[in-house]
Amino acid sequence: MKITFPDGKISEFPQNSTGYDVALSISEGLARNSAAVKVNGTLQDLTAPITTDSEISIITLKDSEGLDVLRHSAAHVMALAVKRLYPESKLAFGPATEDGFFYDFDDLHLTDADIPAIEEEVKKIVKEKVEFQRIVVSRSQALEIFKDEPYKIERINDLPEDEIITYYKSGDLIDLCRGPHLQNSGAIKAFKVMRLAGAYWKGDSNNKMLQRIYGTAFSDKKDLKDYLEMRERAEANDHNKLGRELDLFVTDKRVGKGLPLLTPRGSTLKRTLIRFVEDEELSRGYEYTTTPFMANKELYQVSGHWDLYKDGMFILGDKESQDDKEEVLSLRPMTCPHQYIVYNRRPHTYKELPVRYAETSTLFRNEASGSMHGLIRIRQFTLSEGHIMCRPDQIEEEFEAVLDLINYFMKTLDLKDYSYRFSKWDPNNTDKYINNPEAWEHSQSVLKKILDKSGMPYTEAEGEAAFYGPKLDIQMKNVWGKEDTVITVQLDYALADRFDMKYIDANGEEKRPVIIHRSSIGCYERTMALLIEQYGGKFPFWLAPDQIRILTINDSCHPAAEALKVKLSRVGLRADVDSRSETLKKKVRTAQMMKIPVILTIGESEVANDTVSVRTLDGTVVQDVKVDDFINKCLIFDRNRDLEISFK
């Protein structure tokens, strides 16, 4: 049979040769470092026979897909270790994840003290080089084999009737699984149990809570060492930890999940960002609206949100009610329908377009409890929202202007590690979209033309569009490497028609505007989370919640410190005084721990000479700085939004 390699080369192999045979024909090193083989686009075991002419690629342990295979196999190895140590435990589910794997068990109750024994047993299994054997069985055979594993029985019964059922045997472990897997456990050179947790079966809180064991694995020890060091850095800069340590936000179960409370410091950070964004948008021709936090369901029925997004909304009233007299309201999940009503309040001509509306919107979305994290994904959030109603001939220019605005904000905030994603509809899943294939084809071609002309690098993602149109998503990763959409720009040819939005063209005829939905800095809370992590809490001077901390040498200098605070506040600088009866060294340490960019020290000499001693967060100290000179420099740093400051 003919085997075609990724570079186009074609070689002859005996029928039923395996992926391992092919890899070995190239080199022993490749065969030794292979994890799986991709045959005509489908991953399979290296030991599986190839029966016909095929296009193949060898997947190595260093490839992302190979690492997934290794980690999936490691999950089975860990399950075998647990079964050896705790024979009465029941197997539930054990997939590979983005940075490792987990396995859920029932009839198992572990503490951290049990982890070393599991890791030691895994080491033994790795040394044994236990083979992974794939076996195809009938449904009745599978039900008999797993009769003592209730969770496996449930999964078998959930499978479609025509599903090919396979299990893998590795030593004494038999596990229902599609695979693929490594040839044997020996390739798992580095393994670690990361943590224990509870998890509901199938993620449903109505089901039983199971014991989850998280782990990770690599093909060499250095990769594991690098990963653990990365996690240590991530844990130090995780906004969910650092944001609390810096007194930026708190959460409380009595308030609810996904509902963080911003402290005065956190509110100052958010307010500074909002003022920055609003002032810039006003200077670029946006008009600000203020619209209600809720609306009648009729508004969302017109927009399409009610039919396509209802489960993600907070409904006030009986959402299933068919009584037209019963008022059913919803907290708004977005502001676009409200701004369309504002647009429709009066007629528009082609000369007035584009109309650019913006709003600092408080929005509400009923996120699943398991998906919420710190400030990244929450149920009430604030969005830098905007909608541009324009003529078709203005789309390109307006879209480019939106990108320029976004790039300005990203540059000013020094956000760098982001990527662009062209999010398209999925024509095979029309239930989640306004189903107008012709309109989708047109809008996607228009957006693609704009993106190609811009020269920006982007990836395409089918099935990620908004329900009414394609979009450009700006993606960023948090400290853990998880990617989220930070900012989005959407092209909409649908909702103007639904809301009967019009303008009069040059010929006196009624036309529909095209709508550009955009956020310029995204969700403020999510952006705050990314900034906390990027800066490690050491915000630039202009953005810092507390810009200046004033310390006194002794109590006699306190009135002068308070007077200086008032003077700084009156010119718009954010300052406070540490009046505690503590040593100066301790006060400095406290200010540094709170990442305050400028620390002023005032003693009797400074009071007499109207000077201050200035210490910046990098440890630099400048003595005898005149107060007026200090203020002028601070105002320049603040106005220019400088990322670095110096008083030398």
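Go through the range 337-446 and tell me which strands (runs of 3 or more DSSP E), entirely inside it, have 1 or more residues that are at negative phi and among the acidic types (Asp, Glu).
Ranges flagged: 355-364, 380-390.
Given 495, 573, which one is of a type outside the set (Lys, Arg), open to solvent by less than 30 Å² (accessible area, probe 1.4 Å), touching a Leu at 6+ places or on another chain (Cβ under 9 Å) and touching a residue at least 24 places away in the same chain (Cβ under 8 Å)?
Among 495, 573, only 573 is of a type outside the set (Lys, Arg), open to solvent by less than 30 Å² (accessible area, probe 1.4 Å), touching a Leu at 6+ places or on another chain (Cβ under 9 Å) and touching a residue at least 24 places away in the same chain (Cβ under 8 Å).
Can you list residue pairs whose Cβ atoms sit under 7 Å apart, with the first residue in the range 334-351 being over 23 Å from residue 297 (Cα atoms) and the second being surrounded by fewer than 13 Cβ atoms within 10 Å (Cβ to Cβ)? Count only pairs 6 or more apart in sequence or on different chains.
Listed pairs, sorted by first residue: 350/506.
Could you figure out which of (1) open to solvent by less than 10 Å² (accessible area, probe 1.4 Å); (2) in contact with an Asp or Glu (Cβ under 6 Å, 6 or more places away or on another chain); (3) at pLDDT below 90 isn't true of residue 463?
The single condition residue 463 does not satisfy is (1).
Only one of 198, 203 is exposed (fewer than 13 other Cβ atoms within 10 Å of the Cβ) and touching a Gly at 6+ places or on another chain (Cβ under 7 Å); which?
Checking each option against the conditions leaves just 203.
Of the residues that sit in the range 498-517 and are open to solvent by 10 Å² or more (accessible area, probe 1.4 Å) and under 33 Å from the mean Cα position of the chain (by Cα), which one is farthest from residue 448 (Cα to Cα)?
If we take residues in the range 498-517 being open to solvent by 10 Å² or more (accessible area, probe 1.4 Å) and under 33 Å from the mean Cα position of the chain (by Cα), then 499 is farthest from residue 448 (Cα to Cα).
Which one is farthest from residue 363 (Cα to Cα) among residues in the range 283-293 that are open to solvent by 80 Å² or more (accessible area, probe 1.4 Å) and not in a loop (DSSP other than H, G, I, E, B)?
Top of the filtered list is 283.
Kindly check whether there is at least one residue in the range 73-91 that is crowded, with 20+ Cβ neighbours inside 10 Å, under 30 Å from residue 211 (Cα atoms) and not assigned by TED's automatic domain parsing to the domain that holds residue 173.
no
If you check every pair at least six apart or on different chains, which have Cβ atoms under 8 Å apart with a residue in the range 179-191 that is within 16 Å of residue 46 (Cα to Cα) and assigned to a strand (DSSP E or B) first and a residue that is open to solvent by 20 Å² or more (accessible area, probe 1.4 Å) and basic (Lys, Arg) second?
184/129
Taking the condition assigned to a helix (DSSP H, G or I) and surrounded by 14 or more Cβ atoms within 10 Å (Cβ to Cβ), does residue 280 pass?
It is true that residue 280 is assigned to a helix (DSSP H, G or I) and surrounded by 14 or more Cβ atoms within 10 Å (Cβ to Cβ).
From the list 490, 475, 534, 547, pick out the single residue that is modelled with pLDDT of 95 or more and either closer than 30 Å to residue 352 by Cβ or of a type in the set (S, T, N, Q) (or both).
None of the other options fit; the residue is 547.
Out of the range 578-600, which residues are under 21 Å from residue 645 (Cα atoms) and in contact with a helix residue (DSSP H, G or I) (Cβ under 7 Å, 6 or more places away or on another chain)?
Correct list: 599 only.
Need pairs with beta-carbon distance below 6 Å; first residue in the same structural domain as residue 178 (by TED's automatic domain parsing) and at pLDDT 95 or above and within the range 135-157, second of a type in the set (Ser, Thr, Tyr) and open to solvent by less than 70 Å² (accessible area, probe 1.4 Å); sequence gap 6+ or separate chains.
Within 6 Å, the pairs are 135/167; 136/166.
Among the residues of the range 619-632, how many are open to solvent by 70 Å² or more (accessible area, probe 1.4 Å) and either outside any strand (DSSP E or B) or of a type in the set (D, E, K, R) (or both)?
Number satisfying all stated conditions: 5.
If a residue must be in contact with a Lys or Arg (Cβ under 7 Å, 6 or more places away or on another chain) and loosely packed, with under 14 Cβ neighbours inside 10 Å, how many such residues does the range 206-219 contain?
0
List the number of the failed condition for residue 283; all other conditions in (1) over 30 Å from residue 123 (Cα atoms); (2) among the small types (Gly, Ala, Ser); (3) at pLDDT 95 or above; (4) touching a helix residue (DSSP H, G or I) at 6+ places or on another chain (Cβ under 8 Å) hold.
(4)
Could you give me the residue pairs with C-beta distances under 8 Å whose first residue belongs to the range 58-85 and is of a type in the set (S, T, N, Q), whose second residue is open to solvent by less than 30 Å² (accessible area, probe 1.4 Å) and not in a strand (DSSP E or B) wherever it lies, and which are 6+ apart or on separate chains?
So the pair list comes out as 60/66; 73/132; 73/181; 73/182; 73/185; 73/187; 73/188.
Out of all the residues in the range 169-178, which are under 34 Å from the mean Cα position of the chain (by Cα) and not in a loop (DSSP other than H, G, I, E, B)?
Listed by number, the residues that qualify are 175, 176.
Would you check if residue 174 is modelled with pLDDT of 95 or more and more than 20 Å from residue 116 (Cβ to Cβ)? Spell out how you get there, then give the answer.
Working: modelled with pLDDT of 95 or more: yes; more than 20 Å from residue 116 (Cβ to Cβ): yes.
When the stated conditions are applied, residue 174 passes them.
Filter the range 328-364 down to the residues that are aliphatic (A, V, I, L, M) and either over 24 Å from residue 318 (Cα atoms) or open to solvent by 30 Å² or more (accessible area, probe 1.4 Å) (or both) and list them by number.
329, 331, 341, 342, 353, 355, 358 - these are the residues of the range 328-364 that are aliphatic (A, V, I, L, M) and either over 24 Å from residue 318 (Cα atoms) or open to solvent by 30 Å² or more (accessible area, probe 1.4 Å) (or both).
Mind listing whichever residues of the range 1-23 are of a type outside the set (Phe, Trp, Tyr), open to solvent by less than 100 Å² (accessible area, probe 1.4 Å), outside any strand (DSSP E or B) and farther than 16 Å from residue 35 by Cβ?
Correct list: 1, 8, 14, 16.
Please note which strands (runs of 3 or more DSSP E) are completely contained in the range 514-618 and include at least 2 residues that are among the small types (Gly, Ala, Ser).
Details: elements: 514-523, 548-552, 575-578, 598-602, 611-616.
It comes to 514-523.
When the range 135-156 is examined, which residues are found to be open to solvent by less than 70 Å² (accessible area, probe 1.4 Å), over 11 Å from residue 174 (Cα atoms) and of a type in the set (Gly, Ala, Ser)?
138
Among what's in the range 252-268 and is in contact with a strand residue (DSSP E or B) (Cβ under 8 Å, 6 or more places away or on another chain) and under 21 Å from residue 536 (Cβ atoms), pick the residue that is least open to solvent (accessible area, probe 1.4 Å).
So, considering only residues that are in contact with a strand residue (DSSP E or B) (Cβ under 8 Å, 6 or more places away or on another chain) and under 21 Å from residue 536 (Cβ atoms), the one least open to solvent (accessible area, probe 1.4 Å) is 266.
Residue-by-condition table, conditions (1) surrounded by 20 or more Cβ atoms within 10 Å (Cβ to Cβ); (2) in the same structural domain as residue 452 (by TED's automatic domain parsing); (3) touching a residue at least 40 places away in the same chain (Cβ under 8 Å):
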site	(1), (2), (3)
366	no, yes, yes
374	yes, yes, yes
377	no, yes, yes
381	yes, yes, yes
386	yes, yes, yes
393	no, yes, no
402	yes, yes, yes
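So residue 32 clears everything in (1) surrounded by fewer than 17 Cβ atoms within 10 Å (Cβ to Cβ); (2) modelled with pLDDT of 95 or more except one condition, right? Which one?
It fails just one condition, (2).
The values are calculated or read from the model by the stated rules, or taken from the named source; none is laboratory data. Fair warning: this is a prediction, and the values are worked out from it, not measured in the lab. Because the Cβ atoms are built from the backbone with ideal geometry, glycine has one as well, and the counts that use them run over all protein chains shown. Side chains are part of the model used for accessible areas, which takes the heavy atoms of the whole protein and leaves out ligands, DNA and RNA. Shrake-Rupley method; radii C 1.70, N 1.55, O 1.52, S 1.80 Å.
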